[in-house]
Structures are given as C-alpha cells and as structure tokens.
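A.B. asks: One structure, as structure tokens, below. Some questions next.
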Amino acid sequence: MTIAIIVIVAVVLIGIVVAVMYNSLVTLNQQSSEAFSDIKVQLKRRYDLIPNLVSAVKGYAKHESTVFKEVTEARERALGASGVAETAKADGDFQKTMKSLFAVAEAYPDLKASNNFQKLQDEITDTEDKIQASRRFYNGVVRDFNTKRKTFPTNIMAGSLGFKEDKDFYAVDESEAKEIEKPVDVKF
C-alpha cells in the first residue's frame with residue numbers, strides 16, 4: 001500500500017514537472033511568434049511610408065530613376081519575405097537602398113527643408129525606433145526560449161514535447177555587422 005502511494009505521488013510529481021516545462025516552452029514560443037509579428041507590423045509601417053518618401057524625392061530629383069527603381073524593388077522583396085532569416089536579409093537589403101535614396105535627398109537642400117519631407121523623415125525615424133525595440137524584444141524572447149530548451153531538466157524533455165530546434169535570432173547581415181564593428185573616425 002505504501003509503495004503504491006509513493007509510485008502515485010512520484011507519477012503525479014513527474015506529470016506536474018513535465019506540464020510546467022511544456023507550458024513554459026509553449027508560452028515562450030507564443031511570445032516569440034507575437035514578437036516577430038510586431039517586427040513585421042513595424043516593418044510594414046515603414047514600407048508603407050516609402051512610396052510617399054520616394055514621391056517627395058522624385059519631385060526634386062527626377063533624373064535619379066535608378067535609385068527609385070532599386071528602392072521600389074527592395075521594398076517589394078521585403079514585403080514578400082517570410083520567416084526570420086529571410087525577413088532580416090530582405091530588410092538589410094532594403095536599408096542599403098534607403099541609404100542611396102537619402103544620399104540623393106542630401107543633394108537637394110530645398111527638399112531637406114520641405115515640411116512634407118521633414119514630417120516623413122520624422123515618421124520614419126519614429127518607426128525605426130519602434131523596429132529596433134521590437135527586434136530587441138523578439139531577440140530577448142528567443143534567447144529565453146533557446147536557454148530554457150537547452151537547460152536542465154527541460155533539455156531532457158524538450159524534444160519529445162515537440163520543441164526540437166532553437167529559434168533564429170533576428171540578426172543584421174554580415175556586411176552590416178562589419179560596418180558596425182569598424183571604429184568611428186572622429187575628426188575635429
């Protein structure tokens with residue numbers, strides 16, 4: 001009788017531990033999906049602002065059609081991206097083309113002084129801040145999920161509970177990472 005009670009208590013305790021592990025992995029998995037969705041929402045907001053920005057720049061720099069075409073194509077690729085790695089790559093490519101567009105805008109002081117252009121730049125800056133915050137939140141949740149999945153005792157059960165792989169971080173591409181690592185050249 002005593003052995004039966006001990007076995008029942010042990011089975012119940014193991015069941016509780018497995019349930020807690022499973023629920024924590026499901027929670028982190030859902031949070032990472034929600035966080036990635038937040039990134040996509042902010043990226044979409046940014047991409048929706050771009051046609052207005054291109055139109056504003058076109059009014060001043062009609063002869064820069066190559067830049068406008070590259071921005072439009074990069075925007076379309078970015079909007080069509082799916083998954084973390086593909087979205088991060090497409091967004092990195094898009095950001096490179098945006099640098100070209102802003103370089104064109106720099107050549108036109110009247111454009112930079114335009115109220116419409118200033119408002120668009122402010123909205124894009126605000127959106128960029130929100131994108132960065134969303135990326136940090138997503139990467140934090142992914143870090144927690146991957147850590148939970150790999151630490152004892154969850155690592156023993158994670159695979160059998162359906163959590164076989166780590167989640168991908170939302171990372172900048174290699175060329176952008178190398179650009180970030182370069183020392184800043186400050187001249188007075």
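Computed from the coordinates by the stated procedures, all read-outs in this text should not be read as laboratory data. Here the structure is a predicted model, which is why all the values come from computation and not from measurement. FYI the Cβ positions are ideal-geometry reconstructions off the backbone, even for glycines, and counts take in every protein chain you see.
A.B. asks: Would you please name the GluC sites (Glu not before Pro) within the range 87-172 that are DSSP coil residues with at most 14 other C-beta atoms within 10 Å of their C-beta?
C.D. replies: Values: sites: Glu106, Glu123, Glu128, Glu165; in loops: Glu165.
Counting only loop positions with at most 14 other Cβ atoms within 10 Å, the GluC sites (Glu not before Pro) in the range 87-172 are Glu165.
A.B. asks: If you don't mind, another one. Efficiency by 1/(1 + (r/R0)^6): what FRET value for Lys96 and Asp48, r their Cβ-Cβ distance, R0 = 22 Å, to the nearest 0.05? Walk me through the numbers on the way to the answer.
C.D. replies: Numbers: r = 19 Å, r/R0 = 0.89.
In this case the efficiency is close to 0.65.
A.B. asks: Given springs between every Cα pair under 10 Å in a Gaussian network model of the chain, which of Val71, Val11, Val142 has the largest fluctuation?
C.D. replies: Val11
A.B. asks: Considering amide H positions built from the backbone, and no H for Pro or chain starts, which residues 5 or more places from Val172, or on another chain, come under 5 Å of its amide H?
C.D. replies: none
A.B. asks: Also: Between the range 86-121 and the range 1-56, what's the alpha-carbon centroid distance in Å?
C.D. replies: First find each Cα centre; the distance between them is then 35 Å.
A.B. asks: Take the alpha-carbon positions of the range 83-156, form their convex hull, and give its projected area averaged over all directions (one quarter of the hull surface) in nm².
C.D. replies: 6.2
A.B. asks: For the chain, take the longest principal axis of its alpha carbons; what is the angle in degrees between that and the long axis of helix 115-150, to the nearest 10 within 0 to 90?
C.D. replies: On a 0 to 90 degree scale, this one is about 20.
A.B. asks: Then there's this: Cα-based count: Lys pairs in the range 19-101 below 20 Å, eight or more positions apart or different chains?
C.D. replies: Within the range 19-101, the lysine pair count is 14.
A.B. asks: For n ≥ 4 DSSP H runs only, could you compute -39500 (n - 2.57) per run for the chain, divide by its residues and tell me the 222 nm figure to the nearest 500?
C.D. replies: -27500 deg cm²/dmol
A.B. asks: According to a simple spin-label model (label point 7 Å from Cα along Cα-to-Cβ), what is the distance in nm between Phe169 and Gln30?
C.D. replies: Once both label points are built, they end up 2.7 nm from each other.
A.B. asks: Above 23 Å lies some portion of the pair distances; for the range 2-179, what is it as a whole percent of all C-alpha pairs? Display every interim value, and only then the final one.
C.D. replies: Numbers: 8621 of 15753 pairs.
Tail fraction, whole percent: 55.
A.B. asks: With Cβ to Cβ distances under 13 Å as the rule, what net charge do the other residues near Tyr138 carry (K, R +1; D, E -1)?
C.D. replies: After counting each charged neighbour, the total is +1.
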